[in-house]
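> I have a structure I would like to understand better, so I am pasting it below and will then ask my questions one at a time.
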Amino acid sequence: MNPHAPFPVSLLSLPRSLHRHRALILQLVRREVTGRYKGSVMGILWSLVNPILMLAMYTFLFSVVFTARWGQDTPQNKAQFATMMFVGLIVHGLFAEAISRAPGLVVSQVNFVKKVVFPLEVLPVVAMGTALFHSVLSLGVLLVALMLTNGGLPWSVILLPLVWLPLVTLALGLAWMLASLGVFVRDVAHPIGMIVTALLFASPVFYPVSALPASLREWLFLNPLTLIIEQSRAVLMLGRMPDFGALGIYGAVALIIAWIGYAWFQKTRKGFANVL
């Protein structure tokens, strides 16, 4: 590989790079997931225990202590509020983990930066893969809970990957941008935590969109998590078809942002070694 040759930035080069390095990405995701629990007694089982405990706690708190109800237009049972909220928490957690780690991805892998042949652009993809792994485990816990409480799952559950795909694409684009900016501007990592927390409360995680005044509902959909959370609940719990029109627009914008983030990362990566 010629170290002086420009790195590809075209939209077509993005899927080609991901496909070419798919084995490396899977290997790094596996190493990161297992390494996170290395030395613990239960190991990777903690990834499963954590969402189980969270869902049990939320169910007890909101169905027994507060007896909360999720709006008036959805079927209700004792665990309704907790499961509705858990869907929002899973979506937020997926986005938050990928974005929060992004500014430090390149900075923490200086040994990879020094290797000309290493594809640095896969680092945000690995972080996203790890976030997806934990989100899928939480999703599995939720599906089991829904089967136990509702007696089954709606067929629309199989459409969930189509709902999540635009969010994953958007998060990857932002992760590429933040990973690059984190090398040159170390302060960029500090406000991310505050932004992620603000998104949690500015998203319909703890409340339905219908709980807001009509004048505020449109503004809530400017939040990139709102549509995905609402559509995830529709296919997981309400048995409804997702809004493919809205998801299509969201996906198109997400793809543009992903391309811009990827191109920015590729354009600036030559300066990483000088800074680090």
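Table: residues versus (1) touching a helix residue (DSSP H, G or I) at 6+ places or on another chain (Cβ under 6 Å); (2) assigned to a helix (DSSP H, G or I).
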position: V87; (1), (2): yes, yes
position: L94; (1), (2): yes, yes
position: A98; (1), (2): yes, yes
position: R101; (1), (2): yes, yes
position: S108; (1), (2): no, no
position: A127; (1), (2): yes, yes
position: L132; (1), (2): no, yes
position: L146; (1), (2): no, yes
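> Related question: Would it be correct to say that G71 is surrounded by 14 or more Cβ atoms within 10 Å (Cβ to Cβ), at pLDDT below 85, assigned to a loop (DSSP other than H, G, I, E, B) and not charged (D, E, K, R)?
Yes, satisfied.
> Can you list residue pairs whose Cβ atoms sit under 8 Å apart, with the first residue in region 21-36 being within 15 Å of F112 (Cα to Cα) and at pLDDT 90 or above and the second being assigned to a helix (DSSP H, G or I) and open to solvent by 40 Å² or more (accessible area, probe 1.4 Å)? Count only pairs 6 or more apart in sequence or on different chains.
Within 8 Å, the pairs are I25/L18.
> Examine region 100-118 for a residue that is out of contact with any Gly (no Cβ under 6 Å at 6 or more places or on another chain) and within 18 Å of N50 (Cβ to Cβ), and state whether such a residue exists.
Checked region 100-118: at least one residue is out of contact with any Gly (no Cβ under 6 Å at 6 or more places or on another chain) and within 18 Å of N50 (Cβ to Cβ).
> Would you pick out the residues in region 186-204 that are at pLDDT below 90 and aliphatic (A, V, I, L, M)?
V188, A189
> Which of the following residues is surrounded by fewer than 21 Cβ atoms within 10 Å (Cβ to Cβ) and over 23 Å from S100 (Cβ atoms): L212, L165, L181, L199?
L212
> Same structure, new question: Using the structure shown, decide if L11 is assigned to a loop (DSSP other than H, G, I, E, B), at pLDDT 70 or above, farther than 29 Å from A145 by Cβ and under 24 Å from the mean Cα position of the chain (by Cα).
Answer is yes for this residue.
> Might you let me know whether region 118-126 holds any residue that is modelled with pLDDT under 85 and in contact with a Lys or Arg (Cβ under 7 Å, 6 or more places away or on another chain)?
no
> Tell me which helices (runs of 4 or more DSSP H) are completely within region 183-272 and hold 1 or more residues being among the acidic types (D, E), free of Cβ contacts under 8 Å to residues at least 40 places away in the same chain and over 30 Å from N150 (Cα atoms), or say none if there are none.
214-220
> Still on this structure: Restricting attention to region 137-162, report how many residues are at pLDDT below 95 and open to solvent by 40 Å² or more (accessible area, probe 1.4 Å).
Qualifying residue count for the region: 9.
The values are calculated or read from the model by the stated rules, or taken from the named source; none is laboratory data. The structure presented is a predicted model; accordingly, all values stated were derived computationally and were not measured. A quick note on method: Cβ atoms are made from the backbone with ideal geometry, for glycine too, and the neighbour counts reach across all protein chains shown. The area values use the complete protein model at the heavy-atom level, side chains included, leaving out ligands, DNA and RNA. Shrake-Rupley method; radii C 1.70, N 1.55, O 1.52, S 1.80 Å.
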